[in-house]
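What follows draws every value from the coordinates through simple rules; no lab data is involved. Note that the structure is predicted; figures quoted are calculated from it, not measured. Here the Cβ is made from the backbone with ideal geometry for all residues, glycine too, and neighbour counts use every protein chain on show.
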Amino acid sequence: MKKNIFKRFGALMLAVILALGLFPATSFAATVMPTLVTPIVENTYNVVNGINGTAGNYGYVYKQDYGTSGFTYANRSQIDIEGKWSVTVPDPNQYSMKPGDQIYAVETEDLNGSNPSAATPTYTVLPMAPTVDDIREGDTTITGETDGYVNTSSQVVATRSGTSISLPFAINPDGTFVITLNSGVTLVENDIIVIQITVNGVSNTTNKTVLAPLSAIPTVNDVYAHHTSVTGTGVPDATIFVINASILLNPPTVTAIVGTDGNWEASGLSFSAGDTLNIVQEEPGKSPSTPLVKTEVKLAQSVAPTINAITALQTSVQGSGMPGQQ
């Protein structure tokens, strides 16, 4: 009779323990096929991210290097309460996740890899999307760089509306590249240009919108503290902006229109010796000139005085000069 009582009590306690989840979670947590954040792109930190995992379990990542066969264990990470996890792939040679490498993952109950889930699909690591410099109407070359892994077979090519507008060009060992457009290709403002990088047979792209061409850089004559205007040369009908950059908060700006003779004069700007003036030109239909033309206001320049006629009977000499000068 006592044995039956103890059996019943023991069964009841086990049911309570199970109901309250008093056993370690890893002993009973089911594993589910993890979800990897895709696309998987090579990155500076060599990290693979997962989501929708089972909190407390572990994400295991396996990798196959490009050009080899067979997957090997890369690393693992515990899944947080939100179901997220990040695995850092060991980095013995700077690029431990190269374009063309293969990645898959499983979820396990513990650090020992118990009860592994079904494996994720196998994903190919993509190259970093290239960084492309501004492209402007009328350009005949496109420049940029990549911070990712490159080798002697790495290439970039430009397309527009699905049609290649350049030949493939090799990427320099330092990651920079120059694409020369095909003869007869004319870039127009607002064109969408796709620059595709290919490394180890896999590709990534960057889209760039063609900008308006830059205005020509104007010239500016020396500016002295006693001047009442700033002068220089530019493109006829362009607008000149003169900014007193030495005033940081809301720097005052005046404008002038370049005359048909190519000369301009901007008046009404207050400045003192040592101030820095920035000059920008904007032609109709074009972007403002760059880089800024900078000039420093110089000390007032001495001007030769004029002397009135002197007679033999005068006791003084008279004339005119710049106010404040001696």
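Other residues whose C-beta falls under 12 angstrom from the C-beta of I79 contribute a net charge of -3, scoring Lys and Arg +1 and Asp and Glu -1.
Dividing the convex hull volume of the alpha carbon atoms of segment 95-152 by its residue count gives 140 Å³ per residue. Between segment 130-171 and segment 65-122, the C-alpha centres lie 32 angstrom from each other. The charge dipole of segment 219-296, taken about its Cα centre with unit charges on the Cβ of Lys, Arg, Asp and Glu (plus for the first two, minus for the last two), comes to roughly 160 debye.
Here each label is just a point 7 Å from Cα along the line to Cβ, and for Q102 and E296 those points are 6.4 nm apart. If I take R0 = 51 Å and measure r between the Cβ atoms of E82 and T260 in this structure, what FRET efficiency does the formula 1/(1 + (r/R0)^6) give, to the nearest 0.05? Using R0 = 51 Å, I get an efficiency of 0.15. A protection proxy built from the mean count of other Cβ atoms within 10 Å ranks the segments 305-311, 118-124, most packed first, as 118-124, 305-311. The separation of segment 258-309 from segment 183-204, counted between C-alpha centres, amounts to 41 Å. Could you list log10 I(q)/I(0) for segment 31-124 at q = 0.15, 0.18, 0.25 Å⁻¹, which the Debye formula gives when each Cα is one point scatterer? Cα-only, vacuum Debye calculation for segment 31-124: -0.51, -0.73, -1.32. The residue list V188, T176, V220 was ranked by how far each Cα lies along the charge dipole of segment 175-313 toward its positive end, using unit charges on Cβ atoms, and T176 comes out on top.
Once you compute Rg and the Kirkwood Rh from C-alpha atoms, what is the Rg to Rh ratio for segment 131-209?
Details: Rg = 11.8 Å, Rh = 12.6 Å.
Rg divided by Rh gives 0.94.
Taking only the Cα atoms of segment 56-179, the radius of gyration and Dmax are 19.4, 62 Å.
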